[in-house]
Amino acid sequence: MRFPGKLPRLTQLPLGVEITLLLIVKVALLTVLAKTFFAHPQAKHMRMPTESVELRMLSPGPAPAGTTRQPYQPPATPDLSDAPHTPE
């Protein structure tokens, strides 16, 4: 009996062997990706103190050249309390 939504098997191997082969391929691909993108540093003797790295990474960055950082000040609004009221 065939079910209409069931996909055909890709190989004629026993199910256990097919699952094992797919798991081996998956582990191999994950290993390649891990070695490619999460490789160890080439110069292992170059170590930095953790505190200085944290300070550098978590501190605000320097201002762009030629500008000075000033705190935000909202634009001044004119004081209308003394202005005469004229009906339109």
task: Go through segment 45-58 residue by residue and turn each phi into a ³J(HN,Hα) via Karplus (6.51, -1.76, 1.60, θ = phi - 60°); whole Hz please, and just put x for glycine and proline.
output: 6, 8, 10, 10, x, 4, 4, 5, 5, 4, 4, 5, 6, 9
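Go ahead and run the numbers for FRET between Thr11 and His40, Cβ-Cβ distance against an R0 of 30 Å, rounding to 0.05. Each step should come with its number before you reach the end.
Values: r = 37 Å, r/R0 = 1.24.
Using R0 = 30 Å, I get an efficiency of 0.20.
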message: Quick check: pseudo-label points 7 Å beyond the Cα along Cα→Cβ at Thr50 and Gln73, how many nm apart are they?
response: 4.4 nm
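Grab the other residues whose beta carbon is less than 13 angstrom from that of Met48, score K and R as +1, D and E as -1, and report the net. Mind showing how you got there, number by number?
Numbers: positive: Lys44, Arg47, Arg56; negative: Glu51, Glu54.
My count for the surroundings of Met48 gives +1.
What FRET efficiency do you get for Leu33 and Ser59 if R0 is 35 Å and r is their Cβ-Cβ distance, rounded to the nearest 0.05?
Details: r = 33 Å, r/R0 = 0.93.
Between Leu33 and Ser59 the formula returns 0.60.
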- request: Please give the net charge around Ile19, taking every other residue with its beta carbon less than 13 angstrom from that of Ile19, where Lys and Arg add +1 and Asp and Glu add -1.
  value: +1
message: For Lys35, give me every one of the lysines with a C-alpha distance below 20 angstrom, ignoring sequence neighbours fewer than eight places off in its own chain.
response: Lys26, Lys44
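Just so you know, all these numbers are worked out from the coordinates, no wet-lab data involved. Just so you know, these numbers come straight off a predicted model, no measurement behind them. Note that each Cβ is placed from the backbone with ideal geometry, even for glycine, and that neighbours are counted across all protein chains shown.
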